[in-house]
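The values are calculated or read from the model by the stated rules, or taken from the named source; none is laboratory data. Every value quoted in this text rests on a predicted model; they were computed, and no experiment measured them. Cβ coordinates were reconstructed from backbone atoms using ideal geometry, including for glycine residues, and neighbour counts include every protein chain displayed.
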Amino acid sequence: MIKPMLKYRGGKSAEINQIIPFFPTSYKRYIEPFFGGGALYFFLSPKKSIINDLNKPLMNFYTSVRNDFLSLKKNYPNYKNYMNPIN
């Protein structure tokens, strides 16, 4: 299991063991309309997926992870403070 990159309010990391029994054992594509921290996505590590969230900065973060990880890594401390202002 890969841990989520960000802690996100409403995250499901603690509930994964209760949620997983309700998931199908096989599927062609994982679709997550309320991605948040992505706990289920990272737990399942699907080969094909579609993720979305209404939080545009959050989705920009994950798009940067996918498209330009090295640049994101260089600037990560600033982004982490923006995404998690309360530590």
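Things to note:
- Candidate set: the stretch 48-73, residues that are of a type in the set (A, V, I, L, M, F, W, C) and under 14 Å from the mean Cα position of the chain (by Cα); chosen: the one nearest to Lys28 (Cα to Cα): Ile50
- Every residue from the stretch 40-81 that is exposed (fewer than 10 other Cβ atoms within 10 Å of the Cβ) and modelled with pLDDT under 85: Leu70, Pro77, Asn78
- Single match in Ile86, Ile31, Ile2 (criterion: touching a strand residue (DSSP E or B) at 6+ places or on another chain (Cβ under 7 Å) and either modelled with pLDDT under 90 or not in a loop (DSSP other than H, G, I, E, B) (or both)): Ile31
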